[in-house]
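Below is one structure, written out as structure tokens; the observations come after it.
The values are calculated or read from the model by the stated rules, or taken from the named source; none is laboratory data. For clarity, every value in this text was computed on a predicted model and none was experimentally measured. Neighbour counts run over all protein chains shown; Cβ positions are idealised from the backbone, glycine included. In case anyone asks, the SASA skips ligands and DNA or RNA and just uses the protein heavy atoms, side chains included. Shrake-Rupley method; radii C 1.70, N 1.55, O 1.52, S 1.80 Å.
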Amino acid sequence: MSVQEYLDKHMLSRKIEDAVNAAVRAKTSDPVLFISNHMRKSVPSVITKIIGRQILDSRGIPTVEVDLFTNKGSFRASVPSGHVSGMYEAVELRDGDKGIYLGNSVTRAIKNINEKISEALVGMDPTLQSQIDQAMIDLNKTEKKGELGANAMLAVSIAACKAGAAEREVPLYKHISDLFGKNNPTLPVPAFTVISGGKHAGNNLAIQEIMILPIGANRFEEALQMGSETYHHLKLFLYTMQSLSGLEVNMSRKQAVIKEKYGEQGCNVGEDGGFSPNLSSVQEGLGLVKEAISRTGYGERIKMAIDVAATTFCKGTKYDLDYKTQNKSGQNFKSADDMINMYKELCAEYPIVSIEDPFDREDWEHIKQFSELGLCQVVGDDFLMSNYSRTKRAINESSCTALLLKVNQIGTVTEALEVVKLAKDAHWGVVASHRIGETEDSFIADLSVGLAMGQIKTGAPCRGERVAKYNQLLRIEEELGDQAVYAGEDWRAT
């Protein structure tokens, strides 16, 4: 084949002429680079290769990472994992061989990516997110994604979403916003974990988390500062022998009592970065956080929230708040009505604006009853498990007032957008959430901004896999510049 025949076959003469004309119009100082980029952009992007691999999450447990390649570049995504909540969430595919990673390895999911999923998706346009996700759903053939594994599907789905944004030459949050059909990117109010309990820490605290929300900040950058300062004031309050600029800090008698009570181990952190002192009650923990907020000087600009995770300590129809305390478990059961009264007292005494999973995940009656009191936002995590049908039922029955979105409980980006739309159409709050087993992937930061969720929960301002999300939100706010909007007081109304 001659050069001219080759040029004619691929219509290169016309394409090169168009690129040269564009370079002339642009008056570029580097025509070779300009023409190269122009030619590259003129080629429609398609998925050319997908590679899956096993990596470790923040707990040292295997999870899935994917590199997705197009003719424009490579795009990486990794998925988190958490404690299995129940029958309503999508299934993580693990090997089950107790001799390897105690049964937690994910080589079967990786094989599915490298063979079945890759074969189905290579050649597809990465901007067509819903078609990519639907192709995987059709390939899977099971409702809970157990055949391919929700961990395998989600890693590919997120990587494709990143590739789609690159193809369109827009930020990831903007691409997500466009996929959702709305264009009001909003920086969320962060719910920082400051005290951990429940399954997340080895102390005696029954509830899972005590959080702070800097609702009164003017920008996300300020919110992050407020959260970090409160976190460190709390640490100083728990651990009395701190030094500042090399000088020993003189502590009050009250703080000395706290050292005597908690010791240096009180500053150990749980899996999500919150401190885990051996508290005797939720009231004791809330009191410590309230004092830490007071010391920052931010006052009412910072509110509080708790994740009760009540299913963890529900025994039949009763709740055992001492289930982690040796020789006390089973001696102090509370009824659902007792729990409602306790929540009323907590909301009256502390600036609590949100309570997550206040009852067992099957106790629809009392969740509805408590939600109707209107004392605070009532968030469904274990109660909803990001499940579309369960969320729809909760909306119809006026149970809960907010959805906690864990994307890995669903399995694809498209299905996550669908359940968020369902919640927003019902005027619910929506909280983008991390998992206890996290990675350095910051996708949920862009997701929270693109969908204008108004709230994000991704642990303490501590530990790299948690801070990665907060740092990405800082970058997004910087990129938006004067157009940046922080949810602030409108954290539920975005």
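Observations on the model:
- Yes/no for residue 115 being of a type in the set (D, E, K, R) and without any contact (Cβ under 8 Å) to a residue 24 or more places away in the chain: yes
- Every condition in (1) of a type outside the set (S, T, N, Q); (2) under 17 Å from the mean Cα position of the chain (by Cα); (3) at pLDDT below 95; (4) surrounded by fewer than 21 Cβ atoms within 10 Å (Cβ to Cβ) holds for residue 381 except the one numbered (4).
- Across segment 351-367, the qualifying residues are those that are open to solvent by less than 20 Å² (accessible area, probe 1.4 Å) and of a type outside the set (Val, Ile, Thr), and the one among them that is nearest to residue 191 (Cα to Cα) is 354.
- Check on residue 275, under 21 Å from residue 378 (Cα atoms) and within 26 Å of the chain's Cα centre (by Cα): no
- Of the residues making up segment 463-477, those that are within 13 Å of residue 190 (Cα to Cα) and either out of contact with any Ser or Thr (no Cβ under 6 Å at 6 or more places or on another chain) or touching a residue at least 60 places away in the same chain (Cβ under 8 Å) (or both) number 6.
- Restricting segment 384-405 to residues that are within 24 Å of residue 134 (Cα to Cα) and open to solvent by less than 20 Å² (accessible area, probe 1.4 Å), the residue that is farthest from the chain's Cα centre (by Cα): 390
- Within the set 28, 63, 70, the sole residue that is polar (S, T, N, Q) and within 30 Å of residue 462 (Cα to Cα) turns out to be 63.
- Residues of segment 271-290 satisfying the condition of being closer than 18 Å to residue 346 by Cα, open to solvent by 10 Å² or more (accessible area, probe 1.4 Å) and modelled with pLDDT under 90: 280, 281
- Scanning segment 449-491 for residues that are assigned to a helix (DSSP H, G or I), in contact with an Asp or Glu (Cβ under 9 Å, 6 or more places away or on another chain), open to solvent by less than 10 Å² (accessible area, probe 1.4 Å) and of a type outside the set (A, V, I, L, M, F, W, C) returns 450, 466, 469, 477.
- Positions within segment 208-225 being part of a helix (DSSP H, G or I) and within 17 Å of the chain's Cα centre (by Cα), in sequence order: 220, 224
- Qualifying residues in segment 421-437 (those that are in contact with a strand residue (DSSP E or B) (Cβ under 9 Å, 6 or more places away or on another chain) and not aliphatic (A, V, I, L, M)) - the one surrounded by the fewest Cβ atoms within 10 Å (Cβ to Cβ): 424
- Residues located in segment 165-196, provided they are over 19 Å from the mean Cα position of the chain (by Cα) and not in a helix (DSSP H, G or I): 169, 170, 181, 182, 183, 184
- Residue in segment 204-215 that is hydrophobic (A, V, I, L, M, F, W, C), modelled with pLDDT under 95, open to solvent by 10 Å² or more (accessible area, probe 1.4 Å) and more than 22 Å from residue 441 (Cβ to Cβ) present: no
- Residue within segment 327-343 that is of a type in the set (Val, Ile, Thr), surrounded by 22 or more Cβ atoms within 10 Å (Cβ to Cβ) and either touching a helix residue (DSSP H, G or I) at 6+ places or on another chain (Cβ under 9 Å) or under 29 Å from residue 407 (Cβ atoms) (or both) present: no
- The criterion of at least 1 residues that are touching a strand residue (DSSP E or B) at 6+ places or on another chain (Cβ under 6 Å) and crowded, with 16+ Cβ neighbours inside 10 Å is met, among helices (runs of 4 or more DSSP H) falling completely within segment 90-162, by 107-112, 118-121.
- Hey, residue 403 within 30 Å of residue 419 (Cα to Cα) and not acidic (Asp, Glu) or not: yes
- Hits in segment 265-294 - residues which are within 19 Å of residue 226 (Cβ to Cβ) and assigned to a strand (DSSP E or B): 275
- Contact map, segment 478-494: residues that are at pLDDT 95 or above and among the hydroxyl-bearing types (Ser, Thr, Tyr) paired with residues that are open to solvent by less than 100 Å² (accessible area, probe 1.4 Å) and in a helix (DSSP H, G or I), Cβ distance under 9 Å, separation 6+ or inter-chain. Pairs shown: 486/220; 486/222; 486/223; 486/477.
- Helices (runs of 4 or more DSSP H) lying entirely in segment 351-447 (those with 1 or more residues that are closer than 17 Å to residue 82 by Cβ and of a type in the set (Gly, Ala, Ser)): 413-425
- Every listed requirement among (1) closer than 21 Å to residue 313 by Cβ; (2) polar (S, T, N, Q); (3) touching a residue at least 60 places away in the same chain (Cβ under 8 Å) is met by residue 369 save one, (3).
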